[in-house]
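Since the structure comes first, as structure tokens, the remarks are kept for the end.
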Amino acid sequence: AKQNLAPEQPAQEEPLEPITLATTTSTENSGLLAYILPDFEAKYNTQVKVVAVGTGQAMEMGKNGDADVLLVHAKESELQFVAEGYGVDRHEVMYNDFIIVGPPEDPAGLKAGAGSDAVEALKLIAGKQVPFTSRGDNSGTHQKETALWKEAGIEPAGDWYKSVGKGMGPSLTFASEEKAYILTDRATYLSMKDSLDLAVLVEGDELLFNQYGVIKVNPEKHPGINKRGADKFVEWILSEEVQAKIAEFGKDKFGQSLFIPNGK
Amino acid sequence: MDNITNGFFGALELILSGNREVYGIIGLSLVVSFVSVIISMFFSVPLGIVIGMNRFPFRKAVIMIINTLMGLPPVIAGLVVYLLLSRSGPLGYLRMLHTPQAMVIAQVLLVSPIIIGVTLAGVKDRGNLIQKTAFTLGANRCQALWTIIKECRTSIGASLVAGYGRAISEVGAVMLVGGNIKGHTRVMTTAIVLETNMGNFDQAIAIGIVLLVLFFILNILLQKYQGA
Amino acid sequence: MDNITNGFFGALELILSGNREVYGIIGLSLVVSFVSVIISMFFSVPLGIVIGMNRFPFRKAVIMIINTLMGLPPVIAGLVVYLLLSRSGPLGYLRMLHTPQAMVIAQVLLVSPIIIGVTLAGVKDRGNLIQKTAFTLGANRCQALWTIIKECRTSIGASLVAGYGRAISEVGAVMLVGGNIKGHTRVMTTAIVLETNMGNFDQAIAIGIVLLVLFFILNILLQKYQGA
Amino acid sequence: MKVQISGLCKKYDGKPVLNIDNLTFEQGRIHVIIGPNGSGKSTLVNIISGLEKADHGTVAYGSNQKRFEEVRGSITLVMQHPYLFNTTVFSNIAYGLRCRGADKKQTELLVKEAAEKVNLSAFLTRKAATLSGGEMQRVALARALVLKPELLLLDEATANLDPESIGIIERVIRDFQTATGATVVFITHNIFQARRIAERVYLMMGGRIIEEGSKEKTFGNPESRITREFLRGELIF
Amino acid sequence: MKVQISGLCKKYDGKPVLNIDNLTFEQGRIHVIIGPNGSGKSTLVNIISGLEKADHGTVAYGSNQKRFEEVRGSITLVMQHPYLFNTTVFSNIAYGLRCRGADKKQTELLVKEAAEKVNLSAFLTRKAATLSGGEMQRVALARALVLKPELLLLDEATANLDPESIGIIERVIRDFQTATGATVVFITHNIFQARRIAERVYLMMGGRIIEEGSKEKTFGNPESRITREFLRGELIF
Ligand SMILES: Nc1ncnc2c1ncn2[C@@H]1O[C@H](COP(=O)(O)OP(=O)(O)OP(=O)(O)O)[C@@H](O)[C@H]1O
Ligand SMILES: Nc1ncnc2c1ncn2[C@@H]1O[C@H](COP(=O)(O)OP(=O)(O)OP(=O)(O)O)[C@@H](O)[C@H]1O
Ligand SMILES: [Mg+2]
Ligand SMILES: [Mg+2]
């Protein structure tokens, strides 16, 4: 019946079984997936079931075989995931950057004191003990934050350091309400900007690079994994056409792209 | 507080939107909760009556376990069902994860203790007298059970309302086993969470209001039916 | 299913850990829910009895609103309290957001409809007879109320258990208004969600088991007290 | 306590079930109300004891015409189908005393005394729900009597008692009345009982008092034909 | 239906409340049980009607000694404190017929007939909870009689009725018994009533049957001293 619906579409390929994509909330919440996926679904006459969860849960779903493809951003964990044999064929897809945002008044004086130096910024925050919000959920963003603190030689602790254990969006809301600094990915920040009272204070440090990767779940670990679908998906998302589309995303609304494609 | 006012307008907009996705989400919410409560009802109400009225060994312990399960966190219920239905789980071959069916299973787990527990308390004091009366008039077991249900309909109705209230409002279980997949397993509560996470409080409240209004209408229907 | 087995060991480990953070989370969970139910109890039980027993204009409408509020999604309850207490909200000057107090307020909102609704159904049929009897023996209004509570303790107990069950298991409200701040407002359910999001299913289940075990113990205590 | 009723009217669904122009229960007497099922006897005592509200009319209590609220503590009703609290017999009998804040020792004393009077001494620690029908009825009586009310309303309070118990209870009520000077209103279907304990007799029918008078007159030489017929029907038994 | 009881024993908390070696209710008679409160009358009929379980002993039903399960449909008990379903009078009376799957028309016919017999025709659409005490008792009677049981157990079923209604009900029961040949067991505290309707009389005390015989013998020339005393106490009234 499905084939009858669009039988004479030119780019029509053989239909695919539905694919389950486990991803972090930033890709879905920013609207990227809603922007690019219809193209894939039409092309292969299939459905991509997007399960947007925490990075850890996404990995766990991959391990359990409950997803066919992962689109996440936590390089260390991703490499380990592949090394342990749960995933195959990791590719980088795109990147954006992390930024440090905070109260527009900038009580720790990051703008003046740190410029674009993220580590310096954290030192300033810790030095003045101004409130800082940490996602504290072992996500890609949290892993990056931990790395930065390490770089700064500080073990953050105390009342000013609030580990809230939730996703990027709620953490941003929390930081805004508490007038606290926070490390965030640019995409989520931009998409929520209007409801937040937070300004971008530190950006452009090369340490703040945020790489997204796509991994196929190892089809040999569990029966029933949609290997063909995963192959096609990775092939598709790395195609020039789609990469170009990713580059376009957000320009109209935010005046800049939210993700910069670097698929390879 | 603007958000709340906006929420009201938002709710109106949603309902009048004619948007198929919105209607799909609303419909799925209602159906999943409704089916869960109906399925649970068929065993939970009789079970509540039987446990409430009869003495048997370890009765108190059984009641306390039921009471305890009223405190089962939805996420845990979801997690257990997830682990069962996951590809790597014992029922993985059913391929039921991330389907409305899976959501129903998790919700049945969640609402049954409430329906059993409240029913049980409602029939404990009066059930025996009603049963005896039914028996003296020649009712068989089934008929006596049905009579008890009718006579205690206030309490049993409350148990169903409380159960339905929990089912339609919880998010942890449906989120985990359903996956909150757009157009497929997204329901009102998962949508509320999504909107809240994105900072769209107006929209979250709007969906919440729609949910409550629908539940209110459902309650009116139930009340009508109870009266009859 | 390994996760579930591991969860059991994990639960044991947690309880025996001697870890102050773990105990803090458990303690806060118990206290917040307990305080919420106690506060709600003081007005919800009498309110349930009064609504259940008396005829007054719009009574049916009131009951249906209460029933409807049983379906209030925790996130929405949380959101409303959040908007009230947020810096830009009307009560922002209290600086109560992200404190245990705020969590209590949200939970009171959440459990009261359940306590009122189940109490109401439980006293509807018998309350008047008990009240009349009390009055003929010279009880004043307060004493009659207390007598009704004692006579209908099964149903009222069930309402409290259901209320406490909801309070201790819900996560949407406490997450929003509490903020899930480590060492400050993190409770068992928010910890469960966090562990789940991080993919630590074992740990999530372990906390869930601890929660259920504690609630079980609480039920035993309540039962003891009810019997007395 | 004297009770003066005037213009009392009660309807259910538009159907009048009580319609009493003037009725006075004098202080310190035993008044017996007889009459067929559904004639409004229970409705009348329920209104006097404040459990139901009349549609019209007033009930004034005591010689200085007090309102119900002022005397509620001195009135006790034993209902036609008494509800026993789901506790022990002792607690049931002690209930009213506890409400009045009586101290523990005195309560115990009074409860034991009352239980003895109605032959329930052996039952004090029993759960009320396990009693036989007649035993339950005696608990209901005891917990009313223990309060020493100034107005005691009894609605078929001996219907399930055995003959010996009936005799005992009647004596208890008479003794109680003589000792305290209370006013007693006693509803019964048992004309023999009415003959034994009444000072004044009232015949109700269709919500009205259709005959009222001393025992001697009502039973010996009733005014109305209806009363004669009602009593005739009775005496067959 | 004949009822044969042997070695029946029931204890509560170690205290025996029923202890009957041999007792037979012959088919097609009206048996009246009298006895003081707490003597075990209700316990006995509850066991016969399957509502309670005996600790020891057996009850055999019918001439070929059937077990309870085989005859449950032919036995009906009117309890001492009947529970009326929270519906209309009609539905209450129709209850048993509906359970037996009687068709609608016939049910309506039988219910109306039964209601007329107990003088409740005008009450059929009323909610049972709004009835007076005596009216309730008549509903309980009607819903039992409408089933035309082979064994009809009545536990103080006329205690709250007015004299005229008592007369009517007694006639109804007698007529029913003659028409169907049913066995009737009737508990009452009213000796006059026992005299009127009994064919055989049983006096229970302390859980035992202490006198058993035809009406004439028991009332005219009782065997035991206790019976004489019990009846004497009665006749004062
Ligand atoms: N809520 C009600 N709706 C309609 N009718 C009612 C209601 N309550 C009582 N009645 C009717 O009012 C009449 C008087 O009732 P009441 O209980 O006073 O009678 P009674 O004299 O005590 O009778 P009995 O001897 O049977 O106890 C009865 O016919 C009863 O059916
Ligand atoms: N659950 C119980 N526990 C203890 N004693 C009980 C229990 N149930 C009944 N009894 C006792 O058994 C005895 C017999 O009760 P039963 O109801 O058979 O008496 P009865 O002859 O019907 O009395 P009445 O004339 O008052 O109705 C009573 O003394 C009662 O207190
Ligand atoms: Mg009456
Ligand atoms: Mg009895």
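Worth a mention:
- Top-ranked residue of region D:188-228 - restricted to ones that are within 16 Å of ligand 3 (Cβ to nearest atom) and more than 14 Å from chain E (Cβ to nearest Cβ), ranked as nearest to D:M1 (Cα to Cα): D:Y202
- Residue match in region C:144-154 (condition: within 18 Å of the chain's Cα centre (by Cα) and over 30 Å from A:S134 (Cβ atoms)): yes
- Leading residue by the ranking (nearest to ligand 2 (Cβ to nearest atom)) among those in region E:2-27 that are within 14 Å of another protein chain (Cβ to nearest Cβ) and assigned to a loop (DSSP other than H, G, I, E, B): E:D13
- D:D175, sole failed condition from (1) surrounded by fewer than 18 Cβ atoms within 10 Å (Cβ to Cβ); (2) within 14 Å of chain E (Cβ to nearest Cβ): (2)
- Filter result (within 8 Å of ligand 2 (Cβ to nearest atom) and outside any loop (DSSP other than H, G, I, E, B)) within region D:121-138: D:F123, D:K127, D:A129, D:T130, D:G133, D:G134, D:E135, D:M136, D:Q137
- Candidates D:V89, D:V78, D:V111 - the one that is within 16 Å of ligand 1 (Cβ to nearest atom) and touching a Leu at 6+ places or on another chain (Cβ under 8 Å): D:V78
- Matching entry among D:V146, D:V118 (being more than 16 Å from ligand 4 (Cβ to nearest atom), within 30 Å of E:L84 (Cβ to Cβ) and in contact with a Leu (Cβ under 6 Å, 6 or more places away or on another chain)): D:V118
- Check on C:L47, of a type outside the set (F, W, Y), in contact (Cβ under 8 Å) with a residue 40 or more places away in the chain, under 18 Å from C:I209 (Cβ atoms) and surrounded by 14 or more Cβ atoms within 10 Å (Cβ to Cβ): no
- Scanning region D:26-84 for residues that are hydroxyl-bearing (S, T, Y), buried (at least 20 other Cβ atoms within 10 Å of the Cβ) and farther than 25 Å from D:A128 by Cα turns up D:S39, D:T43, D:Y61.
- Annotation: B:M96 fulfils all but one of (1) without any contact (Cβ under 8 Å) to a residue 60 or more places away in the chain; (2) in a helix (DSSP H, G or I); the unmet one is (2).
- Pairs meeting the criteria (first residue in region D:124-135 and without any contact (Cβ under 8 Å) to a residue 40 or more places away in the chain and closer than 19 Å to E:D155 by Cβ, second residue within 8 Å of ligand 2 (Cβ to nearest atom) and among the small types (G, A, S), beta carbons under 7 Å, at least 6 apart or on different chains) are D:S132/E:G38; D:S132/E:S42; D:G133/E:S42; D:G134/E:G38; D:E135/E:G38.
- Any chance D:V185 is farther than 18 Å from E:N190 by Cα and either assigned to a helix (DSSP H, G or I) or of a type in the set (S, T, N, Q) (or both): no
- Residue within region A:89-98 that is free of Cβ contacts under 8 Å to residues at least 12 places away in the same chain and either farther than 30 Å from B:K182 by Cα or aliphatic (A, V, I, L, M) (or both) present: no
- Filtered residues of region C:185-207 (kept if more than 9 Å from chain A (Cβ to nearest Cβ) and among the aliphatic types (A, V, I, L, M)): C:V187, C:M188, C:I192, C:A204, C:I205, C:A206, C:I207
- Subset of region D:28-84 (residues that are in contact with a helix residue (DSSP H, G or I) (Cβ under 7 Å, 6 or more places away or on another chain), β-branched (V, I, T) and within 16 Å of ligand 3 (Cβ to nearest atom)): D:V32, D:I33, D:I34, D:V78
- The listed residue being under 30 Å from B:T196 (Cβ atoms) and in contact (Cβ under 8 Å) with a residue 40 or more places away in the chain, out of C:A173, C:A158: C:A173
- Leading residue by the ranking (nearest to ligand 1 (Cβ to nearest atom)) among those in region D:136-147 that are farther than 22 Å from D:G101 by Cα and in contact (Cβ under 8 Å) with a residue 40 or more places away in the chain: D:Q137
- Among the residues of region A:122-165, those identified as of a type outside the set (A, V, I, L, M, F, W, C), in a loop (DSSP other than H, G, I, E, B) and either on the phi > 0 side of the Ramachandran plot or surrounded by fewer than 24 Cβ atoms within 10 Å (Cβ to Cβ) (or both) are A:Q129, A:P131, A:G136, A:N138, A:G153, A:E155, A:P156, A:G158, A:D159, A:G165.
- Residue list for region E:30-51, restricted to those being more than 9 Å from ligand 2 (Cβ to nearest atom) and within 12 Å of chain D (Cβ to nearest Cβ): E:I34
- Lone qualifier among D:E135, D:E170, D:E156, D:E150 - being more than 25 Å from E:I226 (Cβ to Cβ) and either surrounded by fewer than 18 Cβ atoms within 10 Å (Cβ to Cβ) or more than 16 Å from ligand 3 (Cβ to nearest atom) (or both): D:E150
- Single condition E:V185 does not satisfy, out of (1) hydrophobic (A, V, I, L, M, F, W, C); (2) at the interface with chain D (Cβ under 10 Å from one of its Cβ atoms); (3) more than 12 Å from ligand 1 (Cβ to nearest atom): (2)
- Helices (runs of 4 or more DSSP H) lying entirely in region B:149-228 (those with 1 or more residues that are closer than 30 Å to A:D66 by Cβ and among the aromatic types (F, W, Y)): B:153-169
- When residues of region C:99-140 are limited to those that are free of Cβ contacts under 8 Å to residues at least 24 places away in the same chain, within 11 Å of another protein chain (Cβ to nearest Cβ) and polar (S, T, N, Q), the one farthest from C:I76 (Cα to Cα): C:T136
- Being at pLDDT 95 or above, over 30 Å from E:I5 (Cβ atoms) and within 14 Å of chain D (Cβ to nearest Cβ) holds for only one residue in E:V111, E:V89, and it is E:V89.
- Only one entry in B:L79, B:L120 is in contact with a Gly (Cβ under 6 Å, 6 or more places away or on another chain), crowded, with 24+ Cβ neighbours inside 10 Å, in a helix (DSSP H, G or I) and at pLDDT 90 or above, namely B:L120.
Let's see how each residue does on (1) within 21 Å of the chain's Cα centre (by Cα); (2) in a helix (DSSP H, G or I); (3) modelled with pLDDT under 95:
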{"residue": "B:I4", "(1), (2), (3)": "no, yes, yes"}
{"residue": "B:A11", "(1), (2), (3)": "no, yes, yes"}
{"residue": "B:I15", "(1), (2), (3)": "no, yes, yes"}
{"residue": "B:G18", "(1), (2), (3)": "no, no, yes"}
{"residue": "B:V32", "(1), (2), (3)": "yes, yes, no"}
{"residue": "B:V37", "(1), (2), (3)": "yes, yes, no"}
{"residue": "B:I63", "(1), (2), (3)": "yes, yes, yes"}
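- Within region E:47-70, being closer than 17 Å to E:D21 by Cα and within 16 Å of ligand 4 (Cβ to nearest atom) holds for E:I47, E:I48.
- Among the candidates D:I210, D:I166, the residue that is in contact with a Ser or Thr (Cβ under 7 Å, 6 or more places away or on another chain) and part of a strand (DSSP E or B) is uniquely D:I210.
The values are calculated or read from the model by the stated rules, or taken from the named source; none is laboratory data. Keep in mind the model is a prediction, meaning the values are calculated, not measured. Don't worry about glycine lacking a Cβ; one is built from the backbone with ideal geometry, like all the others, and counts go over all protein chains shown.
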